[in-house]
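> The following block contains the structure, expressed as structure tokens.
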Amino acid sequence: MPSATSRRRGETLERAIFRAVLDELAEVGYQKLTMEGVAVRANTSKPVLYRRWPSRPALVLAALGHDAPIAGELPDTGALRSDLIALLQRLVHRFDHVPGTVLVGLITETARDPELSAALRAKFADTPVETLVLELARRATDRGELGPRRPPDRVARVPFDLLRNEYLRQGVPDDDIVIEIVDDIVLPLLREHSRR
């Protein structure tokens with residue numbers, strides 16, 4: 001561990017810890033990741049980690065979310081299609097700094113670890129994705145692009161569910177996949193449900 005005179009603090013220490021978390025995830029996966037392993041790799045101590053993050057899921061999600069906000073306002077391009085594409089691209093690019101294998105491993109682990117699943121939803125769905133999609137649909141209704149009926153929440157969750165599926169099947173979805181999801185699935189669903 002560093003001596004008292006060379007002790008890292010604040011942002012420098014946090015960056016080292018987050019890098020250690022991502023490296024541990026890539027090397028051993030979420031299931032085998034330990035606070036001790038992260039502390040050793042970050043050249044710090046377990047108490048330092050626990051002072052900031054009360055649990056392994058909290059630490060992992062902090063590392064994933066570091067420097068990864070959904071930037072800016074909700075897209076407002078004037079057209080539902082381009083708004084949806086912009087929103088999904090923001091979601092995909094939110095994790096550009098995380099290796100695809102790490103994301104796939106974490107998504108897989110959510111099925112086995114309810115605490116991780118709940119923490120992941122809470123961390124990255126400050127505003128649930130369906131709320132964002134429903135707001136885009138409301139704007140599209142106001143512009144006359146959709147019928148008057150509000151689509152069900154389950155339909156509004158479809159874009160996120162499809163992105164998650166792409167991560168599991170093929171890794172990070174590219175822009176062509178995002179466009180295909182919007183054009184072939186999401187827009188037809190929203191149009192159909194807004195007319196019923």
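> Give the label of the value calculated from the structure for Cα extents along the principal axes in Å, choosing from (1) 65, 30, 27; (2) 54, 36, 34; (3) 80, 31, 25.
Recomputing Cα extents along the principal axes in Å here gives the entry labelled (1).
> Now for a different question. Show that you can apply the helix-only estimate: for the chain, add -39,500 (n - 2.57) for every DSSP H stretch of four or more residues, divide by all residues, and state [θ] at 222 nm to the nearest 500. Please list the in-between numbers first.
Details: 11 runs with 132 residues, N = 196.
Taken over the chain, the calculation gives -21000 deg cm²/dmol.
> I'd like the orientation of helix 114-124 relative to the chain: the angle between its Cα long axis and the longest Cα principal axis, in ° from 0 to 90, rounded to 10.
With both axes taken from Cα atoms, the answer is about 70 degrees.
> Another one. Ranking request for peptides 138-144, 87-93: highest mean number of other beta-carbon atoms within 10 Å first, then the rest in descending order. Write out the running numbers ahead of the final one.
Working: 138-144: 14.0, 87-93: 18.7.
Packing proxy ranking, top to bottom: 87-93, 138-144.
> If you add up the charges near T141, with Lys and Arg at +1 and Asp and Glu at -1, over every other residue whose beta carbon is less than 15 angstrom from its beta carbon, what do you get? Write out the running numbers ahead of the final one.
Details: positive: R81, R138, R139, R143, R149, R150, R191, R195, R196; negative: D76, D83, E135, D142, E145, E192.
Within the 15 Å Cβ shell, the charges total +3.
> Rank by packing, highest mean first: peptides 30-36, 79-85, with packing defined as the count of other Cβ atoms within 10 Å averaged across residues. Write out the running numbers ahead of the final one.
Numbers: 30-36: 14.7, 79-85: 19.3.
Result, highest mean first: 79-85, 30-36.
> Another one. For region 10-65, what is the per residue volume of the convex hull drawn over the alpha-carbon atoms, in cubic angstrom? Can you show the working numbers first?
Values: hull volume 3.7 nm³, N = 56.
Once divided by residue count, the hull of region 10-65 is 66 Å³.
> Note down the net charge around N165, summing +1 for each Lys or Arg and -1 for each Asp or Glu among other residues with Cβ under 13 Å from its Cβ. Walk me through the numbers on the way to the answer.
On the way: positive: R157, R164, R169; negative: D161, E166, E180.
Summing Lys/Arg as +1 and Asp/Glu as -1 gives 0.
> What do you get for the angle between helix 56-65 and the principal long axis of the chain? Use alpha-carbon atoms, 0 to 90 degrees, nearest ten.
60
> From the residues A62, F160, Y50, which one has its Cα farthest along the dipole of the chain in the positive direction, the dipole being from +1 and -1 charges on Cβ of Lys/Arg and Asp/Glu about the Cα centre?
So the residue we want is Y50.
> Report, in debye and to the nearest 20, how large the dipole of the chain comes out about its Cα centre when Lys and Arg carry +1 and Asp and Glu carry -1 on their Cβ.
Details: 29 positive and 29 negative charges, 160 e Å.
That gives the chain a dipole magnitude of about 760 debye.
> Rounded to the nearest Å, what's the spacing between the alpha carbon centres of region 18-62 and region 102-174? Just the number, please.
27
> Just how large is the dipole of region 10-65 about the Cα centre, in debye to the nearest 20, putting +1 at every Lys and Arg Cβ and -1 at every Asp and Glu Cβ? Mind showing how you got there, number by number?
On the way: 8 positive and 6 negative charges, 31 e Å.
Charge dipole, region 10-65, about its Cα centre: 140 debye, nearest 20.
Bear in mind that the values in this text are calculations on the coordinates, not laboratory data. Worth saying up front: this structure is predicted, and the values here are computed from it rather than measured. Because the Cβ atoms are built from the backbone with ideal geometry, glycine has one as well, and the counts that use them run over all protein chains shown.
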